[in-house]
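Colleague: First the structure, which I've put down as structure tokens, then a few questions once you've had a look.
Throughout, read-outs are computed from the coordinates displayed, never taken from laboratory work. What you see is a predicted model, and the numbers here were worked out from it, not measured in a lab.
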Ligand SMILES: [Zn+2]
Ligand SMILES: [Zn+2]
């Protein structure tokens, strides 16, 4: 015989103590705060989360939704809980948030709704207030080896600075910003919000353009009981540039990139790689670069030598054929002049 069990609260059938309905009525299904506050910088739109400013590419409504969602709790016996949050604007700083919860409690469908008041505070973030206050921590001075860097190098430098600044900011360095770019005699000065950012920029410039760097700092005062330093990082670009054709160690080479103090080159003739030491690089003669190359029409050739028409004299001249250059009569080749000799350039990388 089965003992008929009943719910002690409502008297309905229930195998084990309280029935689902009574348990649900007594339980707190949706746990919601009465109010939330979000702080937004009116200048850049970043938001203050757990005491830290963070970039936010979201609307105020989204920020409020996230803030409420972070604090909503649901009863652990509720199966398949579904929370939906909608935000309604009351005025410039006040919003009303309705939180709707649906799920299944035991066998019974359950639902609950709650209203949260949201307040938006506007406060200028540390980054924006420092930018406005002309704050800076570091200066990266970019200089040439002999005279000012070229226009291309300066353009490249600024591009690297911008990309690195964005990268540092995305990695959480809130003081990563470019306060000012000053054109000075012999190069440019990048005036920067953060020392870390300055070091990262100096490294990135050297990775790309080569050169050497040195750092110095000086004490400029005290803030909140701590010494405040300003760092100056000098980046001196190398004499040679990537893409230049040079004569070094008895061969013609194309400068590829820089690795620390070494210059990484490839031989024009056979494509083999070669490193130039600081001294070799200092002694290297610059022949030109691809953009200054002339074009000539091949008239004859064998494995080692190509004969082509010099567009200046209209005479056939001959020069060594780079191993990877598959040109024959009727084809155009690129060449540079060097002290009365012709230097045929190998195919560009993308053509190999
Ligand atoms: Zn009951
Ligand atoms: Zn801001």
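Colleague: How tilted is helix 195-209 with respect to the longest principal axis of the chain? Cα atoms for both, answer in degrees (0 to 90, nearest 10).
Modeller: Between helix and principal axis, roughly 40 degrees.
Colleague: Now, a different point. Evaluate the relative contact order of the range 134-236 (contact order divided by residue number), counting alpha-carbon pairs under 8 angstrom at least 6 apart; express in whole percent.
Modeller: 38 percent
Colleague: Diagonalise the Cα gyration tensor of the range 244-351 and give the resulting equivalent ellipsoid semi-axes, square root of 5 times each eigenvalue, largest first, whole Å.
Modeller: Working through the eigenvalues yields semi-axes of 26, 14, 11 Å.
Colleague: Moving to a separate point now. Stokes-Einstein diffusion coefficient for the chain at 25 °C in a medium of 0.890 mPa s, Rh from the Kirkwood formula over Cα pairs: what value in µm²/s?
Modeller: The calculation lands on 91 µm²/s.
Colleague: Cα-Cα pairs above 19 Å in the range 1-105: how many percent?
Modeller: 59 percent
Colleague: Taking the Cα atoms only, what angle lies between the long axis of helix 151-170 and the longest principal axis of the chain, rounded to 10 degrees?
Modeller: Orientation of helix 151-170: about 20 degrees from the principal axis.
Colleague: Please state, as a whole number in µm²/s, the translational diffusion coefficient that the Stokes-Einstein equation yields for the range 134-236 at 25 °C and 0.890 mPa s, with Rh defined as the Kirkwood radius across alpha carbon pairs.
Modeller: It comes out at roughly 179 µm²/s.
Colleague: Over 17 Å apart: what share of the alpha carbon pairs of the range 48-169 falls there, rounded to a whole percent?
Modeller: The proportion of pairs with Cα distances above 17 Å equals 73 percent.
Colleague: How big is the range 37-81 along each principal axis, measuring the range of its Cα positions in Å and listing the largest first?
Modeller: Largest to smallest, the principal-axis extents are 44, 20, 15 Å.
Colleague: Tell me, what is the percent relative contact order of the range 244-351, built from C-alpha pairs under 8 Å that lie six or more residues apart?
Modeller: Reported as a whole number, the value is 21 percent.
Colleague: Between Rg and the Kirkwood Rh of the range 186-243, both from Cα atoms, what is the Rg to Rh ratio?
Modeller: 1.08
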